[in-house]
Amino acid sequence: MEQKDNATIKISSNSATPFAQTYFHGTKADLKVGDLIQVGYNSNYGQQKNAKYIFLTATLDAAIWRAELAFGDGRERIYLVEPTGEMENDPDLTDKKFPGNPTQSFRSTKPFRVVGEVTIWQGHPAEQVKTMKEHLEKLKEQGVNSLNDV
């Protein structure tokens, strides 16, 4: 086990060195070390179509939001992942909506390999999550969709 950002992280013995960039994936899917997260499955977000992209972030807070906002009844999970191919900035959270990439959020069409799981983390206050979900629902009602759905 390793401590990072006040969270306990289980890592596999063949994981990246401490000098490599750490990436997180927040979801409600139950995955195991070695599994691949791939495109083509129902998206956790947006219109819930078969996903054209998969997403990761370099910040634990953004991964927590993704886990909290994911559709489904499963337990909120945050995985440590390593990309297997090229990534690009997530346009929903970068220059098209916010300057730069403050949440360090990325997308890819190439799989991510699960290399560990963050097992202890602090979620956002319930009222804050409720407010965010209400905001996202209002955007949906207004016809404002994710740039990743187009």
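Please compute the length gained on full extension between H135 and N101, using 0.36 nm multiplied by the number of residues separating them and subtracting their Cα-Cα distance. Intermediate results must be reported in sequence, preceding the final value.
Values: separation 34, 0.36 × 34 = 12.24 nm, distance 2.08 nm.
In short, 10.2 nm is gained.
Mind giving me the nanometre distance, one decimal, between the label points for Q142 and Q21, set 7 Å out from Cα along Cα→Cβ?
3.1
Most exposed first by the Cβ proxy, i.e. fewest other Cβ within 10 Å, how do V114, V81 rank?
With the sparsest Cβ surroundings first, the list reads V114, V81.
May I ask you to compute the full-extension gain from D30 to K110, defined as 0.36 nm times their residue separation minus their alpha-carbon distance, rounded to one decimal in nm?
26.8 nm
Of the peptides 85-91, 20-26, how do they stack up when ordered by the mean number of other Cβ atoms within 10 Å, highest first?
On the way: 85-91: 14.7, 20-26: 20.0.
The packing order, highest mean first, is 20-26, 85-91.
Highest first, please rank the peptides 52-59, 130-137 by the mean number of other Cβ atoms sitting within 10 Å of their residues.
52-59, 130-137
Could you give the length gained on full extension between N50 and E127, defined as 0.36 nm per residue of separation minus the Cα-Cα distance, in nm? Mind showing how you got there, number by number?
On the way: separation 77, 0.36 × 77 = 27.72 nm, distance 3.01 nm.
Roughly 24.7 nm would be gained on extension.
Each reported figure results from applying straightforward, stated rules to the coordinates on display, with no laboratory input. Since the model is a prediction, treat every value here as computed from it, not as a measurement. Positions of Cβ are generated from backbone atoms using ideal geometry, with glycine treated the same way; all protein chains shown enter the neighbour counts.
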